[in-house]
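Asks: Quick one: this structure, given as structure tokens, is what I'll be asking you about.
A short reminder: the numbers here are calculations on the coordinates, not readings from a lab. These numbers were taken from a predicted model, which means no experiment stands behind them. Neighbour counts are summed over all protein chains in view; Cβ atoms, including those assigned to glycine, are modelled from backbone coordinates with ideal geometry.
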Amino acid sequence: MKMQQFDITVIGAGVAGLVCAQQLQQTGYSVVVLEKSRGVGGRMATRRVSATRADHGVRYLEPTGKFLQQLINFLENKNNGPSSESILQLWTDKIYELTQSRGQLLVPKRCYVTPQGMNSVGKFLAEGLEIWFSRRVENMKPTAEKNWHLNLEITNDAATEKPTQVISRAVVVAIPAPQALMILEQPTAEIPSEFLQRLGLVEYDPCITVMAGYSPAIYENLPQWRAIAFANDEYLAWVGFDSSKRPQPSQPVFVIQSSAKFATTHLDTTDLQPVGQELLEHTAKQLLPWFKSPEWLQVHQWGYAFCRQPLTVSCLTTELPLPLVGAGDWCGGDNIEGAFASGLAAANWVNSQLENLLLPGESFLSQI
Ligand SMILES: Cc1cc2nc3c(=O)[nH]c(=O)nc-3n(C[C@H](O)[C@H](O)[C@H](O)COP(=O)(O)OP(=O)(O)OC[C@H]3O[C@@H](n4cnc5c(N)ncnc54)[C@H](O)[C@@H]3O)c2cc1C
């Protein structure tokens, strides 16, 4: 089967895309989510590393807004599969902040994490959805029958079972704005220039994440803290004691996130291992000497990590040539809360363009 038809296509299985797809599917629309990677959650990401896991994207959830508060309350009371362990647990209620002007501050913060990895939150939001993994949307165009026609590239040779074309009445583009622009600015998409101009205004900062595992021998010298945020360090933004999120860690694992400035200087670097080592050496100078000598390290480069200045709308819409809406952390808020709100707003708008049915709302995403 080369092509399949749905009411709505959602591009991107991050928080915004998943929340939007849940709303629309629960309302009765047929929905497909297209995702270029092999998993859900987007930047709420977890990697399997050396017999354990590390959160190399979102570090924790904090009840800072309406939606995150509800999500946290819900997941704190929901068990992970057959186990009696909650999906989400309080990790720490304080984080150190290092600033040049004020030195070391202990900042109260309620940080929630998932012992199985932060991508478990994405897995929860994805339950019951039709998601086609390893499918990158390459381009799209309106057809004479008033449908969007999307062409998909297979990003993983093993994933050949799903079609490479999709037809739908409306499209939700729930990916970072610069990536959305790559698809939508192609002339065949016939997108109005004002929509493209607004997309083009959005900029992101990059980030380099290092995941590093240490010898259990350093257990005696382990810090008491869970995480340190660096306010104005040239190299570092954050150091987190990642294995303290796991129930029985076999070794100490730390996740180190770079400053935007450091990541920007390495945008074109292809061999990232020495870059990771450089970041660890700097961490060793700032914190503890053994940081420079891990047993293993892995590096991930985020080209679009943090939205610098989101648009002031909750989603970006156009009815021409056919219903299309952009959503994500570049609309309204520059974080998970913003992505969540934007996904809901996009679902509302698409529904208003199609059948105008009663949407379930976020409470709490009708228990999924
Ligand atoms: C290192 C790091 C730490 C962070 N820490 C925090 C934090 O502590 N708190 C917080 O609130 N926020 C944090 N953020 C920001 C947060 O991750 C984002 O604001 C939020 O996850 C954005 O969700 P989204 O759905 O808008 O986009 P994304 O999560 O980026 O999802 C987009 C999805 O679309 C897919 N995709 C892209 N292009 C295509 C295509 N052409 N075809 C198909 N699929 C495509 C991507 O693979 C991805 O899965 C952090 C981000 C990073 C990188």
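Asks: Could you work out the helix-only [θ] at 222 nm for the chain, with each DSSP H run of four or more residues adding -39,500 (n - 2.57) and the total divided by the number of residues, to the nearest 500 deg cm²/dmol? Mind dumping the intermediate values first?
Replies: Details: 8 runs with 86 residues, N = 368.
Helix-only estimate at 222 nm: -7000 deg cm²/dmol.
Asks: Among rounded, prolate and oblate, which fits segment 134-238 when a ≥ b ≥ c are the square roots of the eigenvalues of its C-alpha gyration tensor, a/c under 1.5 means rounded, and a/b larger than b/c means prolate? Working shown, then result.
Replies: Working: a/c = 4.36, a/b = 1.99, b/c = 2.19.
Oblate.
Asks: Another one. Using 20 Å as the cut-off for backbone N distance, which residues of segment 184-201 belong to the label zone defined by a point 7 Å from the Cα of Glu145 along Cα→Cβ?
Replies: 189-190
Asks: Of the residues Leu24, Leu75, Leu357, which exhibits the maximal mean-square fluctuation in a Gaussian network model of the chain defined by a 10 Å Cα contact cut-off?
Replies: Its mean-square fluctuation being the largest, the pick is Leu357.
Asks: Still on this model: Between Val107 and Glu85, with labels modelled 7 Å along Cα→Cβ, what's the label distance in nm to one decimal, could you check?
Replies: 2.8
Asks: Same structure, new question: Would you calculate the convex hull of the Cα atoms in the chain and tell me its volume per residue in Å³?
Replies: It is 148 Å³ per residue.
Asks: Let me ask something else. Hey, for a label at Thr265 modelled as a point 7 Å past Cα toward Cβ, could you say which residues of segment 273-310 have their backbone N under 16 Å away?
Replies: What the label zone holds, given the 16 Å backbone N cut-off, is 273-286.
Asks: Sorted by packing (mean other beta-carbon atoms within 10 Å per residue), highest first, where do 321-328, 275-282 land?
Replies: Working: 321-328: 25.9, 275-282: 19.5.
Highest to lowest by the protection proxy: 321-328, 275-282.
Asks: I would also like to ask the following. Amide H of Gly57: which non-local residues (sequence gap of 5 or more, or other chain) have their own amide H closer than 5 Å, using H built in the peptide plane?
Replies: Ala45
Asks: Most fluctuating residue of Gly213, Gly117, Gly303 in a GNM of the chain with Cα springs under 10 Å: which is it?
Replies: So, out of Gly213, Gly117, Gly303, the one fluctuating most is Gly303.
Asks: Does segment 1-81 come out rounded, prolate or oblate, given a ≥ b ≥ c as the square roots of the eigenvalues of its C-alpha gyration tensor, rounded meaning a/c under 1.5 and, failing that, prolate meaning a/b above b/c? Walk me through the numbers on the way to the answer.
Replies: On the way: a/c = 2.31, a/b = 1.33, b/c = 1.73.
Note, shape of segment 1-81 comes out oblate.
Asks: Could you name the lysines whose alpha carbon sits less than 28 Å from that of Lys78, not counting residues in the same chain fewer than 8 places away?
Replies: Straight-distance partners of Lys78: Lys66, Lys94, Lys109, Lys123, Lys245.
Asks: Let me ask another. How far apart, in nanometres, would the label points at Thr99 and Glu319 be if each is projected 7 angstrom from Cα along the Cα-to-Cβ direction?
Replies: Taking the simple label geometry, Thr99 and Glu319 are separated by 4.9 nm.
Asks: OK, next. With an 8 Å cut-off on Cα pairs and a minimum separation of 6 or more residues, tell me the relative contact order of the chain in percent. Kindly include the intermediate steps, with their values, before the conclusion.
Replies: Numbers: 831 pairs, mean separation 79.6, N = 368.
Across the chain, relative contact order equals 22 percent.
Asks: Write down Rg/Rh for segment 209-286, rounded to two decimals, with Rg from the C-alpha atoms and Rh from the Kirkwood relation over Cα pairs. All intermediate terms of the calculation are to be shown ahead of the outcome.
Replies: On the way: Rg = 13.1 Å, Rh = 13.3 Å.
Across segment 209-286, the Cα-based Rg/Rh ratio is 0.99.
Asks: Taking a ≥ b ≥ c as the square roots of the eigenvalues of the Cα gyration tensor of segment 82-207, is the shape rounded (a/c under 1.5), prolate (a/b larger than b/c) or oblate?
Replies: Details: a/c = 3.06, a/b = 1.59, b/c = 1.93.
In terms of gyration-tensor shape, oblate.
Asks: What list of ³J(HN,Hα) values in whole Hz, one per residue of segment 267-283 in order, does the Karplus curve 6.51 cos²θ - 1.76 cosθ + 1.60 (θ = phi - 60°) give from phi, with Gly and Pro shown as x?
Replies: 4, 9, 6, 8, 8, 8, 4, x, 5, x, 4, 4, 5, 5, 5, 5, 4
Asks: Moving on to the next point. Test of understanding: ordering Lys2, Lys292, Lys66 by Cβ neighbours within 10 Å, fewest first, what list do you get?
Replies: On the way: Lys2 6, Lys292 16, Lys66 12.
With the sparsest Cβ surroundings first, the list reads Lys2, Lys66, Lys292.
Asks: Now for a different question. If you rank Arg308, Arg226, Arg110 by fewest surrounding Cβ atoms within 10 Å, what's the result?
Replies: Working: Arg308 11, Arg226 22, Arg110 15.
Exposure proxy ranking, most exposed first: Arg308, Arg110, Arg226.
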